[in-house]
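The values are calculated or read from the model by the stated rules, or taken from the named source; none is laboratory data. These numbers come from a predicted model, not from an experiment. Glycine also receives a Cβ, built like all others from the backbone with ideal geometry; neighbour counts cover every protein chain displayed.
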Amino acid sequence: MSAARPPWLFCFHHAGAGTSAFAQWQAVLGDTAEVVPILLPGRGTRVREARITDPVELVAEIEALVGPMADERPYLVYGHSLGGLAAYTFARTRCAAGLRPPERVVVGAVQPPHLRSPVLRSAHLPDLELLFLLVGFGALPLEALHHEELWRRRVLPALRDDLKLGEALCVTETSPAHPLDAPILAVGGSRDPIAPLSGMAEWARYAPGGFELRTVPGDHFFVRRPAIAELLRDVVAGLPATTSPRVERGLSHRCQIRANSTDQEGGAAVRREHTRGHTLAATRAAGPDTRGPR
């Protein structure tokens, strides 16, 4: 691969959120990789689309968005919390289908499928119990209990659907028929009560291609701190030379980027339109999005 074509870094967001956590990552990674946040249906500029709760539908959606891009050059995936399960499942399914595997699967702040946290098992709790549990784990702010009705109406439906998706992913991926043909890097927050390091270490059993566990400062939402982007920059820089060190300034000859309407997170949305007919929704948002678990 030419030096003008760096690897993609596909980024998958946590539950109840959009892609604003990745807004500054390109600035941190610089020329080492091209950051591509994946915006799933039901949030941001896709808020009117039905949310996905089925793993098969999720994989089909992701493959339609980024499959052609993944086939054209090396790529890595990073998923945070729920996004980690999505990233792993996408990568493993590609391997099972004989498609190009990622250079690395990086999972952050999520335990492997056989270790479902209390948060992930909470999708079917009554609203008030769910709010208390999420606040207790620091997944939602205390104000959620002071404005209970507002949070029930505006936040819980999306969170609940995302938790259902996460639980379903754990069921389907606990004993996959085809293992992942790529190394896994598991990243845990030093103060994460939802995904402790002891649980993160068990990703090793899902990684016959190699495994590493790293720790970064922070709680479950360390994705909003620069340490994780800096770590990924170093990971990409350490890949074989064929995965390239420099970003092409301008647009890929196969991708066009066009500004879309401002999304609900307060940032300008960007949609990548692939010439083969697949579209990738990604946001480069300036403001923070609502916290969500896993």
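Structural remarks
- Residues located in region 132-155, provided they are touching a residue at least 12 places away in the same chain (Cβ under 8 Å) and more than 25 Å from residue 114 (Cα to Cα): 141, 144, 145, 148, 151, 152, 155
- Filter pass, residue 184 being buried (at least 21 other Cβ atoms within 10 Å of the Cβ), closer than 25 Å to residue 56 by Cα and β-branched (Val, Ile, Thr): yes
- Of all residues in region 55-66, exactly one satisfies the criterion of being crowded, with 19+ Cβ neighbours inside 10 Å and of a type outside the set (A, V, I, L, M, F, W, C), namely 55.
- Checked against (1) surrounded by 15 or more Cβ atoms within 10 Å (Cβ to Cβ); (2) in contact with a Ser or Thr (Cβ under 7 Å, 6 or more places away or on another chain), residue 217 passes all but condition (1).
- Scanning region 75-123 for residues that are under 19 Å from residue 163 (Cβ atoms) and among the charged types (D, E, K, R) returns 116, 121.
- Residue within region 90-113 that is surrounded by fewer than 19 Cβ atoms within 10 Å (Cβ to Cβ) and either basic (Lys, Arg) or closer than 20 Å to residue 195 by Cβ (or both) present: yes
- Per-region count, region 119-143, residues more than 17 Å from residue 17 (Cβ to Cβ) and touching a Lys or Arg at 6+ places or on another chain (Cβ under 6 Å): 1
- Residue match in region 176-184 (condition: modelled with pLDDT of 95 or more and charged (D, E, K, R)): no
- Restricting attention to region 224-241 and to residues that are basic (Lys, Arg) and over 16 Å from residue 74 (Cα atoms), the residue that is surrounded by the most Cβ atoms within 10 Å (Cβ to Cβ) turns out to be 224.
- Residue in region 207-214 that is crowded, with 22+ Cβ neighbours inside 10 Å, outside any helix (DSSP H, G or I) and of a type outside the set (Lys, Arg) present: no
- Residue check, residue 119 surrounded by 23 or more Cβ atoms within 10 Å (Cβ to Cβ), within 15 Å of the chain's Cα centre (by Cα) and in contact (Cβ under 8 Å) with a residue 60 or more places away in the chain: no
- Residue in region 70-86 that is assigned to a helix (DSSP H, G or I), in contact (Cβ under 8 Å) with a residue 12 or more places away in the chain and surrounded by fewer than 21 Cβ atoms within 10 Å (Cβ to Cβ) present: yes
- Condition broken by residue 143, with the remaining ones in (1) under 28 Å from residue 51 (Cα atoms); (2) at pLDDT 95 or above satisfied: (2)
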